[in-house]
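*Asks:* One structure, pasted below without further comment.
Just so it is clear, none of the values below were taken in a lab; they were calculated from the coordinates. Quick caveat, the model's predicted, so the values are computed rather than measured. A quick note on method: Cβ atoms are made from the backbone with ideal geometry, for glycine too, and the neighbour counts reach across all protein chains shown.
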Amino acid sequence: MTPTLAQSSGSPGSRILGLGAARGELIVSNHDIVGPIDSSDEWIQKRTGVIERRRAGADTTVVDLAQAASLEAIENAGIRPDQIGGVLVSTISNSVPTPSLAALLTDRIGATPAPAYDISAACAGYTYGIAQADAFVRGGLAEYVLVVGAEKLSDFAKPTDRTISFLLGDGAGAAVVGPSDTPGIAPTVWGSDGSKWDAIGMDSTIAAYRDGAGEVAWPTLRQEGQTVFRWAVWEMAKVAQQALDAAGVSSADLAAFIPHQANMRIIDEFAKQLRLPDGVVVARDIARTGNTSAASIPLATHALLAEHPELHGGLALQIGFGAGLVFGAQVVVLP
Ligand SMILES: CC(C)(COP(=O)(O)OP(=O)(O)OC[C@H]1O[C@@H](n2cnc3c(N)ncnc32)[C@H](O)[C@@H]1OP(=O)(O)O)[C@@H](O)C(=O)NCCC(=O)NCCS
């Protein structure tokens, strides 16, 4: 007779236990970057809400940023690194296709031999990581999971690019997800639309660079701004509403709304379409940090909690969206 297999099962609930953040140490103003793109401080502020962005210096790597954010998150969660059973790093700026940034980070923070891997879901990556960590904890794959969004986008920003470079910043945000007796992470609404693969991404390939005999530039980021803008405003507001519905709550139940920090006009439009009551605090970290892709939601959450301690324990709707065109949204209890 075939023996009955054991299957894993975990905690009835999961929640975010602690957060950490690290921003690039340099403050780069609009004045510092407008020259090569024939732009102005006024244009950038009016069209995007960005006043300045944080960038890392030449000696700071994306792993350094991830490490600083992770150690703070672990301390705030009140656990030891060796209790971590999974390290999920969302990044588009690892310096090599393999090995993963996650494996290196796991060693640096003292969490070896935790399973570790990178997620390639651009600006939706943190929400993908939270979705997976929730499943890990409730499915019994791990008791504690470290979710990190880490980017050094300045490595992929061309100073002469007018489409996206001026938005980009460097930083890392981290969260420890662990067991909970009560629900702390609502169902994730997520997906992708590869038919718009070209709307945002790299301007060439590594192979083209290799074969270009010096004629092809190092691949950097570019986007069709209006295509991305329209998709974000029309389609992502619907996804945000679906995440509220999946959680069984309404916008009036929220303490905070924390969208990916892509453009202040997109954030304002979301708030309008979701009919957020005045009491809901909206994350606007893009003004001082810029767009840090996978790091932007945890960085914005960390800043919001420092500024508004009364939000601890409240509900936050978070939504990430970007290259691919991938998206993810969920309601979480703030740590
Ligand atoms: C990139 C973005 C700010 C551009 O703003 P926009 O209002 O769409 O700009 P447009 O492309 O329509 O151009 C409008 C005008 O500004 C000019 N312009 C475009 N980029 C400019 C820049 N960086 N600086 C100054 N002027 C610029 C254009 O030449 C055009 O001038 P014209 O009216 O004289 O022809 C905007 O499209 C955007 O934020 N898109 C979504 C970005 C996003 O969220 N990306 C990340 C997703 S993860």
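*Asks:* Give me the residue from the stretch 179-236 that is closer than 25 Å to D134 by Cβ and of a type in the set (A, V, I, L, M, F, W, C) and, out of that set, surrounded by the most Cβ atoms within 10 Å (Cβ to Cβ).
*Replies:* A232
*Asks:* Which of the residues spanning the stretch 258-272 are out of contact with any Lys or Arg (no Cβ under 7 Å at 6 or more places or on another chain), touching a residue at least 60 places away in the same chain (Cβ under 8 Å) and among the aliphatic types (A, V, I, L, M)?
*Replies:* Within the stretch 258-272, I258, A262 meet the criteria.
*Asks:* Of everything in the stretch 123-180 that's of a type in the set (K, R) and not in a helix (DSSP H, G or I), which residue is nearest to the chain's Cα centre (by Cα)?
*Replies:* By that ranking, first place goes to K152.
*Asks:* Name, by its number, the condition in (1) in a strand (DSSP E or B); (2) away from the ligand (no atom under 16 Å from the Cβ) that does not hold for S9.
*Replies:* (1)
*Asks:* Report, ordered by the first and then the second residue, all pairs with beta carbons closer than 7 Å, sequence separation of six or more or different chains, a first member in the stretch 273-291 that is touching a residue at least 60 places away in the same chain (Cβ under 8 Å) and closer than 29 Å to I27 by Cα, and a second member that is outside any helix (DSSP H, G or I) and basic (K, R).
*Replies:* T289/R23; T289/R53; T289/R54; G290/R53; G290/R54
*Asks:* Check whether at least one residue in the stretch 42-59 is away from the ligand (no atom under 15 Å from the Cβ), under 29 Å from P99 (Cα atoms) and either assigned to a helix (DSSP H, G or I) or without any contact (Cβ under 8 Å) to a residue 12 or more places away in the chain (or both), and report yes or no. Walk me through it before giving the result.
*Replies:* Within the stretch 42-59, the subset away from the ligand (no atom under 15 Å from the Cβ) is 52, 54-59.
From what is left, the residues that are under 29 Å from P99 (Cα atoms) are 54-59.
Subset that is either assigned to a helix (DSSP H, G or I) or without any contact (Cβ under 8 Å) to a residue 12 or more places away in the chain (or both): 58-59.
For the stretch 42-59, residues away from the ligand (no atom under 15 Å from the Cβ), under 29 Å from P99 (Cα atoms) and either assigned to a helix (DSSP H, G or I) or without any contact (Cβ under 8 Å) to a residue 12 or more places away in the chain (or both): present.
*Asks:* Which condition does S93 not pass, out of (1) of a type outside the set (V, I, T); (2) within 17 Å of A116 (Cα to Cα); (3) within 16 Å of the ligand (Cβ to nearest atom); (4) assigned to a helix (DSSP H, G or I), if it passes all the others?
*Replies:* Unmet for S93, out of (1) of a type outside the set (V, I, T); (2) within 17 Å of A116 (Cα to Cα); (3) within 16 Å of the ligand (Cβ to nearest atom); (4) assigned to a helix (DSSP H, G or I): (4).
*Asks:* Conditions: (1) surrounded by fewer than 22 Cβ atoms within 10 Å (Cβ to Cβ); (2) out of contact with any Gly (no Cβ under 7 Å at 6 or more places or on another chain); (3) in contact (Cβ under 8 Å) with a residue 12 or more places away in the chain. L254 meets all but one. Number of the miss?
*Replies:* (1)
*Asks:* Still on this model: Go through (1) within 16 Å of the ligand (Cβ to nearest atom); (2) of a type outside the set (D, E, K, R); (3) out of contact with any Leu (no Cβ under 7 Å at 6 or more places or on another chain) and name the single condition A283 misses.
*Replies:* (3)
*Asks:* For the stretch 3-33, how many residues are among the hydrophobic types (A, V, I, L, M, F, W, C), in contact with a helix residue (DSSP H, G or I) (Cβ under 7 Å, 6 or more places away or on another chain) and under 30 Å from S154 (Cα atoms)?
*Replies:* The number of residues fulfilling the criteria is 4.
*Asks:* Filtering the stretch 18-39 down to residues that are part of a loop (DSSP other than H, G, I, E, B) and surrounded by 13 or more Cβ atoms within 10 Å (Cβ to Cβ), which residue is farthest from the ligand (Cβ to nearest atom)?
*Replies:* Only one residue fits best here, namely E25.
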